[in-house]
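The next block holds one structure in the form of structure tokens; read it before the comments.
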Amino acid sequence: MKTPHLPTPAERLRRMHDQLAQAYGPQHWWPAETAFEVVLGAYLTQNTAWKAVERSLGNLRAAGALTVNGLRSLALEELQRQVQPTGFHSRKAPALKAFLTMLDEEFAGSLENLAASPTEALRRRLLALPGVGFETADAILLYALGHPVPVADEYLRRIVARHGLIEPAPGRNHKGYEALANLTRQAFASDAAENQARLFNEFHALTVAVGKAYCRRTARCAGCPLASDPHVTDDL
């Protein structure tokens with residue numbers, strides 16, 4: 001008798017994407033009008049809810065500072081006031097100014113020039129900036145600059161851990177982040193290269209959708225689109 005094929009963790013994760021896409025449909029992320037607004041949102045969303053980010057972005061919009069030139073002209077103290085709703089404003093505002101300094105000094109103030117850099121070199125450069133961790137760097141790469149990199153956030157960590165896709169469950173650290181990112185790359189490795197940025201985009205947005213609805217700090221598995229996939233634990 002032929003042994004039935006047991007799906008690998010990467011195959012299961014790819015199937016989860018399909019289940020979530022069927023349940024939720026296209027997510028149309030990132031919620032921003034320009035690439036630079038995505039960069040701002042990626043910085044501001046650290047350790048805060050998106051509603052707070054929206055308030056800060058609204059402040060910046062009213063101040064005419066949602067563009068490179070507009071933010072450049074804003075004094076640091078004023079920028080701190082504008083982004084105060086997101087918290088950690090004394091850290092986030094200087095971090096945004098440091099991003100602008102890099103953009104001006106190394107890429108002639110152009111996001112297009114920045115996006116033209118090779119992915120790995122650009123990721124290293126972003127990670128060298130103050131206030132930029134792996135999730136922020138990858139969100140900028142994917143959503144603002146169009147590079148095919150996965151974003152591995154807390155929602156994905158919960159899903160992977162609760163469904164036992166990685167043993168041991170990934171922690172909230174560099175090693176754990178890269179384990180999640182690598183698993184996501186493997187899940188979409190057979191898809192055409194030109195489609196991977198779009199798929200990483202949609203998958204991240206879909207995991208956020210199911211995470212907010214079901215895969216919270218305490219899981220609510222009843223009715224979850226992923227309930228048919230075996231899971232190990234409801235709590236982390």
In region 1-41, how many residues are buried (at least 20 other Cβ atoms within 10 Å of the Cβ) and of a type in the set (V, I, T)? 2
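This table checks each residue for (1) free of Cβ contacts under 8 Å to residues at least 60 places away in the same chain; (2) more than 26 Å from A108 (Cα to Cα).
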{"site": "A23", "(1), (2)": "no, yes"}
{"site": "P26", "(1), (2)": "no, yes"}
{"site": "W29", "(1), (2)": "no, yes"}
{"site": "E33", "(1), (2)": "yes, no"}
{"site": "W50", "(1), (2)": "yes, yes"}
{"site": "L60", "(1), (2)": "yes, no"}
{"site": "R81", "(1), (2)": "yes, yes"}
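Quick test for you: out of L126, L111, L122, pick the one residue that is in contact (Cβ under 8 Å) with a residue 60 or more places away in the chain, closer than 16 Å to L145 by Cα and buried (at least 17 other Cβ atoms within 10 Å of the Cβ). Steps first, please.
Details: L126 fails: in contact (Cβ under 8 Å) with a residue 60 or more places away in the chain; L122 fails: in contact (Cβ under 8 Å) with a residue 60 or more places away in the chain.
The unique qualifying residue is L111.
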Taking Q82 as meeting all but one of (1) closer than 18 Å to D138 by Cβ; (2) more than 20 Å from the chain's Cα centre (by Cα); (3) of a type in the set (S, T, N, Q), write down the number of the exception. (1)
Pairs please, first residue from region 172-183 and farther than 17 Å from T207 by Cα, second anywhere and part of a helix (DSSP H, G or I), Cβ atoms under 6 Å, 6+ apart in sequence or on different chains. none
Has region 107-121 got at least one residue that is among the hydroxyl-bearing types (S, T, Y), under 21 Å from the mean Cα position of the chain (by Cα) and not in a loop (DSSP other than H, G, I, E, B)? yes
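Every read-out reported here was derived from the displayed coordinates using simple, explicitly stated rules and does not represent laboratory data. Only a predicted model underlies this, so the values are computations on that prediction, with no experimental measurement involved. So basically every Cβ, Gly included, is an ideal-geometry build from the backbone, and we count neighbours across all protein chains shown.
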